[in-house]
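Colleague: Can you read through this structure? Questions will come right after.
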Amino acid sequence: MPDRRSFVVVGGGLCGATAVATLREEGFEGRIFLIGGEDVAPYERPPLSKGYLRGEDTLEQILVRPDPWYKEQDVETRFGTLATQLDVNERAVVLAGGERLSFDSLLVATGGRNRQIDAPGTALPGVIDLRDLGDADAIRAAVQGGVRVVCVGMGFIGAEVAASLRTVGCEVTVVEIFETTLFRVLGGDIGRVLESIHSDHGVTMHFNDVVERFEGDGKLERVVTKGGRSIEADVAIVGVGTEPVVELMAGTGLDQAGGIPVDPTLQTAIPGVFAAGDVARHDHPVFGPMRIEHFDNAIKMGAAAARSMLGMAEVFDDPHWFWSDQYDVQIQMAGFAPAWDRMIVRGSLEDRSFCAFLLDAAGVLRSAVSIAWPRDVRRSFELIRRQIHPDQAALADPSVDLRSLVPDEG
Amino acid sequence: MAEFVSVGRSDEIAEGEAKAFDVGGQEIGVSRVDGTLYAFSDICTHRRCNLSMGGEIEGTAITCGCHGSTFDMATGQVLAEPATEPIATFSVRDQDGDLQIEI
């Protein structure tokens, strides 16, 4: 008998695309709808601040699946179309333009949008924030010939954009609210290692300062800071964080500023309605409720949500992992440690080649961060997931294989 | 016609490790798992990182150190995304300590 079920996935990013692929891989033969707000097949966003921004990658190279794949897999796509309303009682999603899609199961993977900066002049041509392909194209067009760029915010996006635009010959100045680069995520010691790398590449950085206003006559000419600086600029790239796109859940009580709450199997309080990726606030068995904006998480959560939709639910306990490429340096991080008690370094911060282990007050490994030392981040996954108290001397000793610190299961 | 080409010494490949060889311009990774040798294209089909550098081996799976794509070194199949295209695999043999790959 044919499978008459209909599954709707709202969100045309990496998470939604991975979910529909997983549904087919797991043998689902019912109808699948994939709704995406951008008029393009799902693509990977990391290259937008790196290879694509520098003009090295093409759109075809960064697509999650080649364009024809969706038709081949009998996925009914609505790209360039927003889902505007969720009708919980009738179990249907309403799209802009009026189309109404009934669903047996729904996945909301609507992702995030950039936080806006509260300063006059953000509407001036030349003030850009980076989220989608159009933004990356706008930046590429604006920086032709090497111009003066101000990066507002030195989190991962700001740091990667600064590195990419420096690499293509722009003059780059940074205005960052905290005391060093990536301070909020990586803390001062590792943040300052990255600061020194940017400094070596000729980026000028102003810390403990924020933008007061953007000025210019018809287009951006300078960025004025609260600290009294006036920085001449042709382009300003604003990267000050994101917020989840939760409007579809209006009226359900799930349209929360911290993300759509889901249980450890990624189901919302509405049976058969799931959320995953940047928009989801999932209840992590190790770290507690959290919203994660990483590439790898979008893949893993998308796949996990698809299996939950099929009744194959498992607790989502991935330790979370991401990377960042800046110049010729790769940073990797696993786990989650908003605050930590002790940092053990394997390798050397000074030599910019290390894996740092972040432990809580009880000595439990919460996170691992590396520069040019990726293997031990990957090998720490299991230690983090199982909340191990590793021997600290062993962590610091590069000759100890981290896998030997995982006790036998059972 | 395919033939076996000597690329180095088989004892260069430690248990649980992978090493890349340039074979006529092709970068081929060779690993050893439970004593068995595997040969595969060393270039991840996602973003062209070298699998043997920073890659993590678990059983016959190798996970790319860049972005986490995982391949079966025996069959080339993708075991975990973001890669969606398989890698090529090659026959490999140990001839009295001489490491040979079939090209």
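Just so you know, all these numbers are worked out from the coordinates, no wet-lab data involved. This one's a predicted model, so the numbers in the text were calculated from it and none came from an experiment. Please note: Cβ atoms are built from the backbone with ideal geometry, for glycine as well, and neighbour counts cover all protein chains shown.
Colleague: I need the shape label for chain A. Rule: rounded when a/c is under 1.5, else prolate if a/b > b/c, else oblate, with a, b, c from the alpha carbon gyration tensor. Please report the intermediate quantities before stating the final value.
Modeller: Values: a/c = 1.92, a/b = 1.16, b/c = 1.65.
In terms of gyration-tensor shape, oblate.
Colleague: Something else now. Which chymotrypsin sites (Phe, Trp or Tyr not before Pro) from region A:332-410 combine a DSSP loop assignment with at most 12 other Cβ atoms within 10 Å? Intermediate results must be reported in sequence, preceding the final value.
Modeller: Details: sites: A:F336, A:W340, A:F354, A:F357, A:F381; in loops: A:F336, A:W340.
For chymotrypsin sites (Phe, Trp or Tyr not before Pro) across region A:332-410 that sit outside H, G, I, E and B with at most 12 neighbouring Cβ atoms in 10 Å, the list is empty.
Colleague: Right, here's the next one. Top mean-square fluctuation among A:T268, A:T167, A:T180, Gaussian network model of chain A, C-alpha springs under 10 Å?
Modeller: In the Gaussian network model the winner is A:T167.
Colleague: Right, something else. Using a 10 Å cut-off on Cβ atoms, rank the peptides A:359-365, B:70-76, A:399-405 from the highest mean neighbour count down.
Modeller: Numbers: A:359-365: 16.3, B:70-76: 19.4, A:399-405: 14.1.
The packing order, highest mean first, is B:70-76, A:359-365, A:399-405.
Colleague: Could you run the Karplus curve 6.51 cos²θ - 1.76 cosθ + 1.60 with θ = phi - 60° over region A:145-151 and give me ³J(HN,Hα) per residue in whole Hz, x for Gly and Pro?
Modeller: Along region A:145-151, the couplings run x, x, 10, 8, 10, 10, 9 Hz.
Colleague: Using alpha-carbon pairs under 8 Å, 6+ residues apart, how would you state the relative contact order of chain A in percent? Walk me through the intermediate numbers first.
Modeller: On the way: 915 pairs, mean separation 56.5, N = 410.
This gives 14 percent for chain A.
Colleague: Report the local net charge at A:A162: Lys and Arg +1, Asp and Glu -1, summed over other residues whose C-beta lies under 12 Å from its C-beta. Walk me through the numbers before you get to the answer.
Modeller: Values: positive: A:K50, A:R166; negative: A:E160, A:E171, A:E176, A:E195.
Cβ neighbours under 12 Å give a net charge of -2.
Colleague: With springs only between Cα atoms under 10 Å apart, run a GNM on chain A and tell me which of A:E314, A:E38, A:E90 wobbles the most.
Modeller: For chain A, modelled as a Gaussian network with Cα springs under 10 Å, the answer is A:E90.
Colleague: Please list, in chain and number order, the residues 5+ apart from A:V174 or on another chain whose amide H is under 5 Å from its amide H, with Hs placed from the backbone.
Modeller: The list, which skips near neighbours in sequence, is A:C151, A:T204, A:M205, A:H206.
Colleague: Moving on. Could you derive backbone 3J(HN,Hα) for region A:342-352 from the dihedral phi with the Karplus parameters 6.51, -1.76 and 1.60 (θ = phi - 60°), listing whole Hz in sequence and x where the residue is Gly or Pro?
Modeller: Going residue by residue, I get 8, 10, 9, 10, 9, x, 9, 4, 4, 7, 6 Hz, with x marking Gly and Pro.
Colleague: I would also like to ask the following. For A:V238, enumerate residues with amide H under 5 Å from its amide H, sequence gap 5+ or separate chain, H modeled in the peptide plane.
Modeller: Here the answer is A:I128, A:D129, A:L130, A:V152, since their amide H atoms fall under 5 Å of that of A:V238.
Colleague: Springs between alpha-carbon pairs under 10 angstrom, Gaussian network model over chain B: which of B:G65, B:G16, B:G24 fluctuates most?
Modeller: B:G24
Colleague: Continuing with this model, one more query. Work out the mean other chain Cβ neighbour count within 10 Å for the residues of B:55-68 and drop it here as an integer. All intermediate terms of the calculation are to be shown ahead of the outcome.
Modeller: Values: counts 3, 7, 0, 2, 0, 0, 0, 0, 1, 1, 7, 5, 9, 9.
If you average over the peptide's residues, the count of other-chain Cβ atoms is 3.
Colleague: Can you give the average number of partner chain beta-carbon atoms within 10 Å of each beta-carbon in peptide A:375-383, as a whole number?
Modeller: Numbers: counts 5, 0, 3, 7, 1, 0, 1, 0, 0.
Across the residues of A:375-383, the mean count of other-chain Cβ atoms within 10 Å is 2.
Colleague: Ordered by residue, what ³J(HN,Hα) values in Hz, to whole numbers, does region B:58-71 give under the Karplus form 6.51 cos²θ - 1.76 cosθ + 1.60, where θ = phi - 60° and Gly and Pro are x?
Modeller: Couplings: 9, x, 8, 8, 10, 9, 5, x, 7, 10, x, 4, 10, 10 Hz.
Colleague: Using amide H atoms built 1.01 Å from N in the peptide plane, name the residues 5+ places from B:S69, or on other chains, whose amide H lies under 5 Å from its own.
Modeller: B:C64, B:A83
Colleague: How crowded by other chains is A:322-335, given as the mean number of beta carbons from other chains within 10 Å of each beta carbon? Provide the component values of the computation, followed by the final result.
Modeller: Details: counts 2, 4, 0, 3, 0, 0, 0, 0, 4, 0, 4, 0, 0, 0.
Counting Cβ atoms of other protein chains within 10 Å of each residue's Cβ and averaging gives 1.
Colleague: Along its principal axes, what span do the Cα atoms of region A:328-405 show, with the longest given first and each in whole Å?
Modeller: Per principal axis, max minus min of the Cα coordinates gives 34, 27, 19 Å.
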